[in-house]
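A.B. asks: I have a structure here, written as C-alpha coordinates, and I will follow up with some questions on it.
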2 protein chains.
Amino acid sequence: MAQNSLALDTALAYHRAWTNHAFEHAMTYIPDDIVCDAPAGRLEGAEAFRGFMGPFTQILISSRLIAAFGDDRTAVLMYDTETVPVHSAPGAECLTVQDGRITHMRIIFDRSPFDAARKPGPQTE
Amino acid sequence: MAQNSLALDTALAYHRAWTNHAFEHAMTYIPDDIVCDAPAGRLEGAEAFRGFMGPFTQILISSRLIAAFGDDRTAVLMYDTETVPVHSAPGAECLTVQDGRITHMRIIFDRSPFDAARKPGPQTE
(Lines give C-alpha, C1' and ligand atoms only; values in the text may rest on other atoms or scores of the structure.)
Protein backbone atom coordinates (compact mmCIF):
# COMPACT_ATOMS: atom_id res chain seq x y z
CA MET A 1 0.00 0.00 0.00
CA ALA A 2 2.92 2.35 0.58
CA GLN A 3 4.13 4.59 -2.24
CA ASN A 4 7.46 6.34 -2.37
CA SER A 5 7.39 10.08 -1.85
CA LEU A 6 9.51 12.58 -0.02
CA ALA A 7 6.86 13.29 2.60
CA LEU A 8 5.99 9.63 3.02
CA ASP A 9 9.64 8.68 3.58
CA THR A 10 9.82 11.11 6.49
CA ALA A 11 6.41 10.12 7.83
CA LEU A 12 7.33 6.44 7.81
CA ALA A 13 10.71 7.05 9.42
CA TYR A 14 8.99 8.98 12.21
CA HIS A 15 6.32 6.29 12.50
CA ARG A 16 8.80 3.41 12.64
CA ALA A 17 10.74 5.20 15.35
CA TRP A 18 7.90 5.86 17.79
CA THR A 19 6.21 2.52 17.21
CA ASN A 20 9.53 0.77 17.93
CA HIS A 21 10.07 2.53 21.24
CA ALA A 22 12.70 4.87 19.79
CA PHE A 23 10.82 8.01 20.77
CA GLU A 24 13.91 10.22 20.99
CA HIS A 25 14.78 9.26 17.43
CA ALA A 26 11.19 10.00 16.40
CA MET A 27 11.55 13.48 17.94
CA THR A 28 14.43 14.25 15.54
CA TYR A 29 11.75 14.55 12.82
CA ILE A 30 9.83 17.11 14.90
CA PRO A 31 10.93 20.76 14.56
CA ASP A 32 10.70 23.21 17.45
CA ASP A 33 7.76 24.98 15.84
CA ILE A 34 5.60 21.96 14.97
CA VAL A 35 1.86 22.54 15.06
CA CYS A 36 -0.18 19.45 15.90
CA ASP A 37 -3.97 19.35 15.75
CA ALA A 38 -4.96 16.55 18.11
CA PRO A 39 -8.39 15.47 19.39
CA ALA A 40 -8.03 17.58 22.55
CA GLY A 41 -6.98 20.67 20.59
CA ARG A 42 -3.97 22.37 19.06
CA LEU A 43 -0.48 21.69 20.38
CA GLU A 44 2.17 24.26 19.48
CA GLY A 45 5.86 23.47 19.68
CA ALA A 46 8.01 20.40 20.14
CA GLU A 47 7.70 20.33 23.94
CA ALA A 48 3.91 20.34 23.83
CA PHE A 49 4.09 17.61 21.20
CA ARG A 50 6.49 15.61 23.35
CA GLY A 51 4.09 15.87 26.28
CA PHE A 52 1.33 14.43 24.12
CA MET A 53 3.12 11.64 22.23
CA GLY A 54 5.70 10.64 24.83
CA PRO A 55 3.20 9.23 27.34
CA PHE A 56 1.39 7.41 24.55
CA THR A 57 4.54 5.59 23.51
CA GLN A 58 4.91 4.45 27.13
CA ILE A 59 1.59 2.57 27.00
CA LEU A 60 2.13 1.21 23.47
CA ILE A 61 2.36 -2.57 23.23
CA SER A 62 2.31 -3.08 19.46
CA SER A 63 1.23 -1.42 16.24
CA ARG A 64 0.30 -2.32 12.68
CA LEU A 65 0.37 0.00 9.67
CA ILE A 66 -2.95 -0.09 7.78
CA ALA A 67 -2.26 2.40 4.98
CA ALA A 68 0.43 4.88 3.98
CA PHE A 69 0.28 7.34 1.10
CA GLY A 70 1.98 10.58 0.25
CA ASP A 71 3.23 13.08 -2.25
CA ASP A 72 6.09 15.57 -2.11
CA ARG A 73 4.61 17.59 0.71
CA THR A 74 1.92 15.57 2.50
CA ALA A 75 1.61 12.05 3.84
CA VAL A 76 -1.29 10.18 5.40
CA LEU A 77 -0.82 7.20 7.69
CA MET A 78 -3.45 4.96 9.22
CA TYR A 79 -2.49 2.37 11.80
CA ASP A 80 -3.84 0.27 14.60
CA THR A 81 -2.22 0.15 18.01
CA GLU A 82 -2.53 -2.13 20.99
CA THR A 83 -2.04 -0.22 24.23
CA VAL A 84 -2.07 -1.10 27.91
CA PRO A 85 -5.51 0.41 28.63
CA VAL A 86 -7.12 -0.09 25.18
CA HIS A 87 -6.78 -3.28 23.14
CA SER A 88 -7.37 -1.69 19.71
CA ALA A 89 -6.78 2.04 19.34
CA PRO A 90 -6.48 2.93 15.66
CA GLY A 91 -5.20 6.32 14.58
CA ALA A 92 -4.76 8.39 11.45
CA GLU A 93 -2.29 11.16 10.77
CA CYS A 94 -1.98 13.73 8.01
CA LEU A 95 1.58 15.08 8.07
CA THR A 96 3.00 18.10 6.28
CA VAL A 97 6.72 17.66 5.66
CA GLN A 98 9.34 20.27 4.83
CA ASP A 99 13.06 19.51 4.50
CA GLY A 100 12.66 16.10 6.09
CA ARG A 101 10.81 17.28 9.18
CA ILE A 102 7.14 17.29 10.14
CA THR A 103 5.92 20.88 10.34
CA HIS A 104 2.25 20.08 10.85
CA MET A 105 0.41 16.99 11.98
CA ARG A 106 -3.28 16.34 12.27
CA ILE A 107 -3.93 13.24 14.31
CA ILE A 108 -7.30 11.55 14.71
CA PHE A 109 -8.15 8.83 17.19
CA ASP A 110 -11.06 7.93 19.43
CA ARG A 111 -10.55 9.21 22.98
CA SER A 112 -13.66 7.42 24.30
CA PRO A 113 -12.06 4.07 25.22
CA PHE A 114 -9.16 5.87 26.93
CA ASP A 115 -11.63 8.02 28.88
CA ALA A 116 -13.58 4.88 29.85
CA ALA A 117 -10.41 3.08 30.97
CA ARG A 118 -9.60 5.98 33.32
CA LYS A 119 -12.99 5.90 35.03
CA PRO A 120 -13.05 4.11 38.40
CA GLY A 121 -15.43 1.25 39.06
CA PRO A 122 -17.40 -0.97 36.67
CA GLN A 123 -18.19 0.34 33.21
CA THR A 124 -21.89 0.73 32.67
CA GLU A 125 -21.99 1.53 28.96
CA MET B 1 -3.39 16.57 -2.68
CA ALA B 2 -5.65 14.14 -4.52
CA GLN B 3 -4.15 11.62 -6.93
CA ASN B 4 -6.07 9.75 -9.58
CA SER B 5 -6.63 6.09 -8.87
CA LEU B 6 -9.45 3.65 -9.37
CA ALA B 7 -10.09 3.30 -5.65
CA LEU B 8 -9.77 7.03 -5.01
CA ASP B 9 -12.29 7.86 -7.75
CA THR B 10 -14.87 5.69 -6.01
CA ALA B 11 -13.94 6.94 -2.54
CA LEU B 12 -14.30 10.57 -3.62
CA ALA B 13 -17.59 9.94 -5.42
CA TYR B 14 -18.95 8.34 -2.24
CA HIS B 15 -17.52 11.16 -0.12
CA ARG B 16 -18.94 13.93 -2.32
CA ALA B 17 -22.36 12.30 -2.21
CA TRP B 18 -22.74 11.98 1.56
CA THR B 19 -21.15 15.34 2.32
CA ASN B 20 -23.56 16.98 -0.12
CA HIS B 21 -26.66 15.49 1.48
CA ALA B 22 -27.09 12.93 -1.29
CA PHE B 23 -26.95 9.96 1.07
CA GLU B 24 -29.01 7.66 -1.12
CA HIS B 25 -26.55 8.27 -3.95
CA ALA B 26 -23.68 7.59 -1.54
CA MET B 27 -25.29 4.25 -0.68
CA THR B 28 -25.05 3.15 -4.33
CA TYR B 29 -21.30 2.72 -3.67
CA ILE B 30 -22.01 0.43 -0.70
CA PRO B 31 -22.52 -3.27 -1.47
CA ASP B 32 -24.87 -5.45 0.58
CA ASP B 33 -21.93 -7.20 2.22
CA ILE B 34 -19.83 -4.19 3.22
CA VAL B 35 -17.77 -4.59 6.37
CA CYS B 36 -17.15 -1.36 8.25
CA ASP B 37 -14.82 -1.10 11.24
CA ALA B 38 -16.05 1.94 13.15
CA PRO B 39 -15.09 3.28 16.60
CA ALA B 40 -17.95 1.42 18.30
CA GLY B 41 -17.10 -1.87 16.57
CA ARG B 42 -17.66 -3.81 13.40
CA LEU B 43 -20.72 -3.21 11.25
CA GLU B 44 -21.64 -5.95 8.79
CA GLY B 45 -23.90 -5.30 5.84
CA ALA B 46 -25.37 -2.30 4.09
CA GLU B 47 -28.29 -1.87 6.49
CA ALA B 48 -26.02 -1.74 9.53
CA PHE B 49 -23.84 0.74 7.64
CA ARG B 50 -26.90 2.82 6.75
CA GLY B 51 -27.91 2.92 10.40
CA PHE B 52 -24.49 4.28 11.29
CA MET B 53 -23.86 6.83 8.51
CA GLY B 54 -27.43 7.92 7.81
CA PRO B 55 -27.97 9.66 11.17
CA PHE B 56 -24.55 11.30 10.89
CA THR B 57 -25.44 12.89 7.55
CA GLN B 58 -28.56 14.31 9.24
CA ILE B 59 -26.47 16.34 11.71
CA LEU B 60 -23.83 17.36 9.13
CA ILE B 61 -23.59 21.10 8.50
CA SER B 62 -20.46 21.27 6.32
CA SER B 63 -17.28 19.39 5.51
CA ARG B 64 -13.81 20.02 4.15
CA LEU B 65 -11.52 17.46 2.56
CA ILE B 66 -8.05 17.52 4.17
CA ALA B 67 -6.27 14.76 2.21
CA ALA B 68 -7.12 12.08 -0.33
CA PHE B 69 -4.80 9.40 -1.64
CA GLY B 70 -5.23 6.03 -3.25
CA ASP B 71 -4.02 3.24 -5.46
CA ASP B 72 -5.91 0.67 -7.51
CA ARG B 73 -7.43 -1.03 -4.50
CA THR B 74 -7.25 1.25 -1.48
CA ALA B 75 -8.00 4.89 -0.75
CA VAL B 76 -7.51 7.01 2.34
CA LEU B 77 -9.51 10.16 3.01
CA MET B 78 -9.15 12.64 5.83
CA TYR B 79 -11.69 15.40 6.31
CA ASP B 80 -13.11 17.79 8.84
CA THR B 81 -16.81 18.12 9.46
CA GLU B 82 -18.97 20.66 11.22
CA THR B 83 -21.99 19.03 12.85
CA VAL B 84 -24.93 20.25 14.90
CA PRO B 85 -23.58 18.94 18.24
CA VAL B 86 -19.82 19.22 17.54
CA HIS B 87 -18.21 22.19 15.81
CA SER B 88 -15.16 20.34 14.48
CA ALA B 89 -15.36 16.57 14.10
CA PRO B 90 -12.56 15.34 11.82
CA GLY B 91 -12.59 11.82 10.45
CA ALA B 92 -10.37 9.48 8.47
CA GLU B 93 -11.37 6.54 6.31
CA CYS B 94 -9.42 3.73 4.70
CA LEU B 95 -11.57 2.24 1.95
CA THR B 96 -11.07 -0.99 0.02
CA VAL B 97 -12.70 -0.78 -3.40
CA GLN B 98 -13.64 -3.57 -5.79
CA ASP B 99 -15.49 -2.98 -9.08
CA GLY B 100 -16.40 0.57 -8.13
CA ARG B 101 -17.90 -0.27 -4.75
CA ILE B 102 -16.57 -0.04 -1.21
CA THR B 103 -16.20 -3.53 0.22
CA HIS B 104 -14.46 -2.53 3.44
CA MET B 105 -14.19 0.73 5.32
CA ARG B 106 -12.24 1.56 8.43
CA ILE B 107 -13.40 4.87 9.86
CA ILE B 108 -11.70 6.72 12.70
CA PHE B 109 -13.11 9.70 14.58
CA ASP B 110 -13.23 10.90 18.15
CA ARG B 111 -16.46 9.91 19.87
CA SER B 112 -15.66 11.95 22.99
CA PRO B 113 -17.20 15.29 21.94
CA PHE B 114 -20.34 13.51 20.71
CA ASP B 115 -20.60 11.65 24.03
CA ALA B 116 -20.14 14.95 25.89
CA ALA B 117 -22.80 16.69 23.79
CA ARG B 118 -25.31 13.97 24.74
CA LYS B 119 -24.78 14.35 28.46
CA PRO B 120 -27.43 16.40 30.26
CA GLY B 121 -26.50 19.47 32.28
CA PRO B 122 -23.35 21.56 32.36
CA GLN B 123 -20.12 20.03 31.13
CA THR B 124 -17.57 19.69 33.91
CA GLU B 125 -14.50 18.58 31.95
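A.B. asks: Name, by its number, the condition in (1) part of a strand (DSSP E or B); (2) within 11 Å of another protein chain (Cβ to nearest Cβ); (3) surrounded by fewer than 23 Cβ atoms within 10 Å (Cβ to Cβ) that does not hold for B:Leu95.
C.D. replies: The number of the failed condition is (3).
A.B. asks: Of the numbered conditions (1) more than 24 Å from A:Asp110 (Cβ to Cβ); (2) hydrophobic (A, V, I, L, M, F, W, C); (3) free of Cβ contacts under 8 Å to residues at least 12 places away in the same chain, B:Leu43 satisfies every one except a single condition; which is it?
C.D. replies: In the conditions (1) more than 24 Å from A:Asp110 (Cβ to Cβ); (2) hydrophobic (A, V, I, L, M, F, W, C); (3) free of Cβ contacts under 8 Å to residues at least 12 places away in the same chain, B:Leu43 misses (1) alone.
A.B. asks: I need every pair where a residue in the range A:2-29 that is within 18 Å of A:Glu47 (Cα to Cα) and modelled with pLDDT of 95 or more has its Cβ under 6 Å from the Cβ of a residue that is assigned to a loop (DSSP other than H, G, I, E, B) and not acidic (Asp, Glu), sequence separation at least 6 or different chains.
C.D. replies: Listed pairs, sorted by first residue: A:Tyr14/A:Tyr29.
A.B. asks: What are the residues in the range B:1-30 that are in a loop (DSSP other than H, G, I, E, B) and within 13 Å of another protein chain (Cβ to nearest Cβ), if any?
C.D. replies: B:Met1, B:Ala2, B:Gln3, B:Asn4, B:Ser5
A.B. asks: OK, next. Condition check: touching a residue at least 60 places away in the same chain (Cβ under 8 Å) and within 14 Å of another protein chain (Cβ to nearest Cβ). Does A:Val86 satisfy that? Talk me through it step by step, then tell me what you get.
C.D. replies: Working: touching a residue at least 60 places away in the same chain (Cβ under 8 Å): no; within 14 Å of another protein chain (Cβ to nearest Cβ): yes.
No, not satisfied.
A.B. asks: Just checking, how many residues over the range B:31-50 are part of a loop (DSSP other than H, G, I, E, B) and out of contact with any Phe, Trp or Tyr (no Cβ under 9 Å at 6 or more places or on another chain)?
C.D. replies: Summing the residues that are part of a loop (DSSP other than H, G, I, E, B) and out of contact with any Phe, Trp or Tyr (no Cβ under 9 Å at 6 or more places or on another chain) in the range B:31-50 gives 4.
A.B. asks: Sticking with this one: In the set B:Asp72, B:Asp33, which member is within 14 Å of chain A (Cβ to nearest Cβ) and open to solvent by 10 Å² or more (accessible area, probe 1.4 Å)?
C.D. replies: Checking each option against the conditions leaves just B:Asp72.
A.B. asks: Please tell me if A:Arg50 is more than 9 Å from chain B (Cβ to nearest Cβ), closer than 30 Å to B:Lys119 by Cα and open to solvent by 40 Å² or more (accessible area, probe 1.4 Å).
C.D. replies: For A:Arg50, the condition - more than 9 Å from chain B (Cβ to nearest Cβ), closer than 30 Å to B:Lys119 by Cα and open to solvent by 40 Å² or more (accessible area, probe 1.4 Å) - is not met.
A.B. asks: Counting just the residues of the range B:60-69 that are open to solvent by 50 Å² or more (accessible area, probe 1.4 Å) and hydrophobic (A, V, I, L, M, F, W, C), which one comes out farthest from the other protein chains (Cβ to nearest Cβ)?
C.D. replies: Going through the qualifying residues, I end up with B:Ile61.
A.B. asks: Moving to a separate point now. Can you name the condition, by its number, that B:Tyr79 falls short on among (1) of a type in the set (Ser, Thr, Tyr); (2) under 23 Å from A:Asp71 (Cβ atoms); (3) in a loop (DSSP other than H, G, I, E, B)?
C.D. replies: (3)
A.B. asks: Being of a type in the set (Asp, Glu) and either at pLDDT below 95 or touching a helix residue (DSSP H, G or I) at 6+ places or on another chain (Cβ under 6 Å) (or both) narrows it down to one residue among A:Asp80, A:Asp32, A:Asp37; which is it?
C.D. replies: Just a single option satisfies the conditions, and that option is A:Asp32.
The values are calculated or read from the model by the stated rules, or taken from the named source; none is laboratory data. None of the values given here were measured: they were computed from a predicted structure. Don't worry about glycine lacking a Cβ; one is built from the backbone with ideal geometry, like all the others, and counts go over all protein chains shown. We work out accessible area using only protein heavy atoms, side chains counted, and drop any ligands, DNA or RNA first. Shrake-Rupley method; radii C 1.70, N 1.55, O 1.52, S 1.80 Å.
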